[in-house]
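Have a look at the structure below before the remarks.
What follows is calculated from the coordinates using simple rules that are stated; it is not laboratory data. Keep in mind that what you see is a predicted model, and the values were worked out from it rather than measured. Note that we place each Cβ from the backbone using ideal geometry, even for glycine, and neighbour counts take in every protein chain shown.
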Amino acid sequence: MSTIAENIAKVGARIREAAQASGRDSSTIGLLAVSKTKPAAAIREAHATGLVDFGENYLQEALGKQLELTDLALTWHFIGPIQSNKAKPIAEHFDWVHSVDRLKIAERLAAQRPAELPPLNICLQVNVSGEASKSGCAPEELAALAQAVTQLPRLKLRGLMTIPEPTDDPARQRAAFARLRELRDSLGLELDTLSMGMSHDLEAAIGEGATWVRIGTALFGARDYS
């Protein structure tokens, strides 16, 4: 059994245990493998265990890996900050975008999503911790943004995403994730997705209703940014 396969099994067990502790069905929680900075070979290895959903932060890196992996049936998620000039290739080459935080980006994605592809699945990124260094719309701006995005063609608004301020305190972790769930529920829209939780806090996220946990380090090891 390879290291990646072993890691996937360990993370799967953590997801199942957290779901059981919260009275949830683990099949409602998707494992999004965050493969940024990792080679296509690592994605191929993870796919061999049954994973099909992969998250990328850097457009050019992702497009290169997509070309290498055209023989695999993968679902690609863009999870990084989006510059306006990158909207067109993102709209053309991804199935999900988790990091929409302003209307201008949503409009560009809608205009540039090819008609022959299914609607692009969208999550709105919310800055629940109010960190100046983090992307995401402010909670008080969310309702107007969500209503506007639901009116755009070629997009399907699925839910919300957040990257809260890092903390080892489980109570603070859960409070941030509860905030995102409450914001989703307050919108009055039929949204089925909460993209929240990473390697260090997936249990807290699952406890508060996560439907995607975005896991990189616990699957692939530490990232090399050199």
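What whole-number distance in Å separates the alpha-carbon centres of the range 46-115 and the range 152-173?
17
For the chain, what relative contact order do you get, as a whole percent, if you take Cα pairs closer than 8 Å and at least 6 residues apart?
Details: 407 pairs, mean separation 47.2, N = 226.
The value is 21 percent.
For residue 53, what residues show an amide H to amide H distance below 5 Å, using hydrogens built from the backbone and excluding near sequence neighbours?
Those lying under 5 Å, H to H, from residue 53 are 33, 75.
Take peptides 133-139, 209-215 and line them up by average Cβ neighbours within 10 Å, highest first, as a rough protection proxy.
The most tightly packed comes first, giving 209-215, 133-139.
Going Cα to Cα from residue 38, which aspartates and glutamates come in below 16 Å? Please leave out same-chain ones fewer than 8 positions away.
Output for residue 38: 53, 56, 61, 68, 224.
Show me, for the range 74-83, the HN-Hα J-couplings you get by feeding each phi into the Karplus relation (A = 6.51, B = -1.76, C = 1.60, θ = phi - 60°), rounded to Hz, glycine and proline as x.
10, 10, 9, 10, 8, 10, x, x, 10, 8
Longer than 23 Å from Cα to Cα, which of 65/156; 36/104; 36/134 are they? Say none if no pair is.
In this structure, 65/156; 36/104 exceed 23 Å between Cα atoms.
Got a sec to turn the phi values of the range 167-173 into Karplus ³J(HN,Hα) couplings, 6.51 cos²θ - 1.76 cosθ + 1.60 with θ = phi - 60°, whole Hz, x for Gly and Pro?
Using θ = phi - 60°, the values come out as 7, 8, 7, x, 5, 5, 4 Hz.
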